[in-house]
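**Student:** Structure below; questions to follow.
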Amino acid sequence: KALEHVQHLVDLGPRPPQSDAIEKARDYIASHLRDSGWEVTRQAFSSDTPRGKIAFTNLVARFHGASSPSFIVCGHYDTKIFDTFQFVGANDGGSSAGLLLEIARVLGQHSEVANRIELVFFDGEEAFEEFSDTDGIYGSRYFARQLLDSQQAKHFSGGILLDMIGLRS
């Protein structure tokens, strides 16, 4: 089932920030989360990048009625921009988003566990040029700052970041 989600995201084509494809991916992800009993919040923000100010949107999901989850499971759904080919991110942003959606479906059948989990789909994790202190991981940096600023970080005991699932060498 996770692979079906990956295939759908890949079929959208490259999903760089501010693209039509990433908006379609957001809608797809949010719809499937809601179908599995999760409430989705869009965490919109903008950041300075080597290509100017860019708008991003993280998707944050809590199980219906959950008030204070204690564990985060996260990944990203965007793709890197390459000038020489179209990168669709099957084993990168596609795989983590596909697995997160399947985790959401399974957890949705176990509300006592789902109530303790927050799912986060990051936007803007890929660098526009090269990963540095100022380029890349925009979504996770923003999310972490918001947690710290709101004093919510202390409510979480841990988390798992999913990325690069299924790479073949």
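**Student:** Can you tell me how the range 32-169 classifies by the Cα gyration tensor, rounded, prolate or oblate, using a/c under 1.5 as the rounded cut?
**Tutor:** Details: a/c = 2.17, a/b = 1.40, b/c = 1.55.
Oblate shape, in that a/c is at least 1.5 and b/c is the bigger or equal ratio.
**Student:** Hey, another quick one. Can you pull the percent of the chain's accessible area that's carbon plus sulfur, 1.4 Å probe, other chains left in place?
**Tutor:** Here it works out to 52 percent.
**Student:** Once you order the gyration tensor axes a ≥ b ≥ c over the Cα atoms, which shape class does the range 1-94 get: rounded for a/c under 1.5, otherwise prolate or oblate by comparing a/b with b/c?
**Tutor:** Here the range 1-94 falls in the oblate category.
**Student:** Please work out whether the range 107-169 counts as rounded, prolate or oblate from its C-alpha gyration tensor, where a ≥ b ≥ c are the square roots of the eigenvalues and a/c under 1.5 means rounded, while otherwise a/b larger than b/c means prolate and anything else oblate? Let's see the in-between values first.
**Tutor:** Values: a/c = 2.98, a/b = 1.30, b/c = 2.30.
Verdict is oblate for the range 107-169.
**Student:** If you line up the long axis of helix 95-107 against the longest principal axis of the chain, both from Cα atoms, how many degrees apart are they, to the nearest 10?
**Tutor:** 10 degrees
**Student:** In addition: Report the residue, chosen from 78, 20, 149, that carries the largest GNM mean-square fluctuation when the chain is represented by alpha-carbon nodes joined by springs under 10 Å.
**Tutor:** 149
**Student:** What whole-number distance in Å separates the alpha-carbon centres of the range 20-71 and the range 122-153?
**Tutor:** 14 Å
**Student:** Could you compute the net charge surrounding residue 75? Neighbours are other residues with a C-beta less than 10 Å from the C-beta of residue 75; K and R count +1, D and E count -1. Write down the numbers at each step before the final one.
**Tutor:** Numbers: positive: none; negative: 92, 125, 163.
Residues close to residue 75 contribute a combined charge of -3.
**Student:** Separate question: Let me have the relative contact order for the range 1-137, percent, based on Cα pairs under 8 Å that are six or more residues apart. Walk me through the intermediate numbers first.
**Tutor:** Values: 269 pairs, mean separation 43.9, N = 137.
Reported relative contact order: 32 percent.
**Student:** Here's something else I'd like to know. Rolling a 1.4 Å sphere over the protein heavy atoms, what is the accessible area per residue of the chain, to the nearest Å²?
**Tutor:** Normalised by residue count, the accessible surface of the chain is 52 Å².
The values are calculated or read from the model by the stated rules, or taken from the named source; none is laboratory data. Source: prediction; values computed, not measured. Don't worry about glycine lacking a Cβ; one is built from the backbone with ideal geometry, like all the others, and counts go over all protein chains shown. These area figures cover heavy atoms from the full protein model, side chains too; ligands, DNA and RNA do not enter into them. Shrake-Rupley method; radii C 1.70, N 1.55, O 1.52, S 1.80 Å.
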